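Heads up: the structure comes next, in C-alpha cells.
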Amino acid sequence: MGGDGGAKQRRDECPRDRGYPPIHEADNTYENCIFKALVLGLLVLIAAVGCGRDVDSEKQPSGMTASAEASTTAREILAALYGYKEALRIANESGTETPSKDLSAYLVDPLLSEIAAMIHSNRQKGVYYAGTSVPVDPKVTDLRADAEPPTAVVRACTDNTNYRLVYRRNNSPVPAPSYELRILASYEAVYVAGQGWRICKATNSGEPC
C-alpha cells in the first residue's frame, strides 16, 4: 500500500508527517525520497511478517485443541473396550442370569445381545469362559466424530492365552480343537447421547498376531 501512495506524488515530493524524525530542507531530494520510501516499505514488510506470525500463533492453539479432543475421545473409547472385557470376565465367572445389566455400561446391540445370549447358553450347558480376553495395544484407527451418531473403529491384537472354556463344576478345560491364541480383532464403537462411548460390534479376523 505504501508503494501505491508514493506513485501518486511528484518525484520531488516526499510525505512529511509519517512519524519520522524532522529532516532538513537540504535533505529534501529525490534520492532521499527513494531512501525513505525503501525504509517505509521495509517497515511495512516487517509489520506484515509480524502479523503473519501472530495469525499462525492464533491458529496453532485451535489445531492443538482439536488434537487434544481427539486424544481424549480415543481414551474414552479404549476405556469402554477395557471396561467391556472386565465386565465380560465378571459375568462369565458369576454365571449371572442378567449379564446385560453390567455389560450395558460398555456395550450396546448387536454385541450386547450376542454376549448375553452366549453367557446364557453356556450357563445352561454348565460351562463358562474363565479368564480375560486381553486387547493388546489397541488403537483407534477410524474416528468419525462428525457423524450422526459419532462412530469409531478400534483394532487390536487380542490375546486369549488365559481365556478358555471350562466346566463350571470343577474348572477343568472343555476339550476343543486347537486355535490361535493371539488374533487380530476389530471393534466398532458408537457414541450414545447421555451415556458415552459403547462397543457395538466385535470381529475376529482369524489372523495371528
- Message: For a quick check of your reading of the model, give me the residue pairs whose first member lies in segment 178-204 and is on the phi > 0 side of the Ramachandran plot, whose second is surrounded by 16 or more Cβ atoms within 10 Å (Cβ to Cβ) and among the aliphatic types (A, V, I, L, M), with beta-carbon atoms closer than 8 Å and at least 6 apart or on different chains.
- Response: 196/80
- Task: Report, by residue number, each residue of segment 186-195 that is outside any strand (DSSP E or B) and within 10 Å of residue 149 (Cβ to Cβ).
- Result: 193
- Note on the structure: Residues of segment 109-122 being surrounded by 17 or more Cβ atoms within 10 Å (Cβ to Cβ) and either modelled with pLDDT under 95 or within 22 Å of residue 184 (Cα to Cα) (or both), in sequence order, are 111, 112, 115
- Return the only residue of 74, 66, 105 being part of a loop (DSSP other than H, G, I, E, B) and farther than 22 Å from residue 164 by Cα. 105
- Query: over 16 Å from the mean Cα position of the chain (by Cα), surrounded by fewer than 17 Cβ atoms within 10 Å (Cβ to Cβ) and in a loop (DSSP other than H, G, I, E, B) - does that describe any residue in segment 196-207?
  - Reply: no
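Please enumerate the residues belonging to segment 162-180 that are in contact with a strand residue (DSSP E or B) (Cβ under 7 Å, 6 or more places away or on another chain) and part of a loop (DSSP other than H, G, I, E, B).
163, 168, 171, 172, 174, 176, 180
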- Task: Among the numbered conditions (1) part of a strand (DSSP E or B); (2) surrounded by 12 or more Cβ atoms within 10 Å (Cβ to Cβ); (3) under 29 Å from the mean Cα position of the chain (by Cα), tell me where residue 132 comes up short.
- Result: (1)
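The values are calculated or read from the model by the stated rules, or taken from the named source; none is laboratory data. What you see is a predicted model, and the numbers here were worked out from it, not measured in a lab. Note that each Cβ is placed from the backbone with ideal geometry, even for glycine, and that neighbours are counted across all protein chains shown.
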